[in-house]
Amino acid sequence: MKLIIQIPCFNEADQLPQTLADLPREVEGFDVVERLVIDDGSTDDTVAVARAHGVEHLVRLTNNKGLATGFQAGIDTALKLGADVIVNTDADNQYYGPDVARLVRPILEGRADMVVGDREVTGIEHFSPLKKTLQRLGSWVVRQASSTSIPDTTSGFRAYNREAAIQMLVVSKFTYTLETIIQAGKLLVAIDHVAIRTNAKTRESRLFPSMGAYVRRNAVSIFRIYAQYEPLRVFWSLALLMGLASIGVWVRFTVAYVEGNGKGHVQSLILGAVLFMAAVVLFALGVIGDLLAAQRVMTQKTFERVRRIELALGVAPSHYEAGQAQPPGQPSAEPEHGGPEHGGPERQEAVRL
């Protein structure tokens, strides 16, 4: 059993040494524990620091593509390196490294395919009351969209078994945390959560330069993801509101007309017509969105099939570099292609079209 801990990084040369030092080198239930650093176009010494601290695997993206892209690149590489379980953590040492063992336990026990670490945000001292409220609100919305019970949906400390990781496809360019939970819920992936600890704050967030940006970007992301996966509920709810508003305006006009003052309320008749047409348009958008959602599911299944074929054929990961030099007599850190678990003849037979 192989565990790979992936760490997306962008200019994390200062924080990375402590993050790596806190990560366990041995975890019960695994024969091998390796680290994978995804360098998202850093301009500092992130790569040199990773090599100096013995990181086994590196993915070096040519420019800064964003956290979601780095996460997806890490998942793809870890799968092609033969990982049975993948843990994702942040490079700023926000999460308590030894809790990796706690995070993977439900997977090892066969109770979950994906596990999300619950930071219990109400107890985090450096989170403002407003941020705690927004975290709870955002998590509630994601739970409704995903039909899951994850209390901390923005936590980046999470674990995936091989099957769950193969199915993950991140479309968002900004965040992977919310989208992957909704995907897991819709794909009927068994998802669980465990309480994890956090460390003291090491730096300000680079994703959110201000509280206003945090609110705006999270609100847009939540609405976009929710509408993507529940288009009928979103657009038909809006259509219903518009339809009720148009009826209300028409009732007002009707009352005025009966009282003999209809000419003075013609604008209500026009406003009601505009609102009714908006309701019809929103209803149609809901139908179109539902058709696109069905198409997205088909695309998701095609992507999963392609990924399985790539793993069976031993396709090398993109932008991959081996990390530390392997000591004499130790196995190479290059991607594994030989046996049935990682692309040998038996596995190729299993995924034949």
| remark: Just one listed residue, out of Leu134, Leu79, Leu130, is assigned to a helix (DSSP H, G or I), over 13 Å from the mean Cα position of the chain (by Cα) and modelled with pLDDT of 95 or more, and it is Leu79
| task | Working only within region 275-295, note down all residues that are surrounded by 15 or more Cβ atoms within 10 Å (Cβ to Cβ), of a type outside the set (A, V, I, L, M, F, W, C) and within 20 Å of Ser172 (Cα to Cα). | result | Gly289, Asp290
| message | Which residue is farthest from the chain's Cα centre (by Cα), if the candidates are limited to region 83-127 and must be within 21 Å of Asp22 (Cα to Cα) and among the aromatic types (Phe, Trp, Tyr)? | response | Tyr96
| said: Looking at Phe157 and the list (1) more than 25 Å from Lys301 (Cβ to Cβ); (2) modelled with pLDDT under 90; (3) of a type outside the set (Gly, Ala, Ser); (4) within 17 Å of the chain's Cα centre (by Cα), which single condition is not satisfied? | reply: (2)
| field | Only listed residue being outside any helix (DSSP H, G or I) and over 19 Å from Tyr176 (Cα atoms), chosen from Gly156, Gly54 | value | Gly54
| Filtering region 245-268 down to residues that are buried (at least 16 other Cβ atoms within 10 Å of the Cβ) and in contact (Cβ under 8 Å) with a residue 12 or more places away in the chain, which residue is farthest from the chain's Cα centre (by Cα)? | Ala256
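The values are calculated or read from the model by the stated rules, or taken from the named source; none is laboratory data. These numbers come from a predicted model, not from an experiment. Cβ sites come from the backbone with ideal geometry, for glycine too, and all protein chains shown count toward neighbours.
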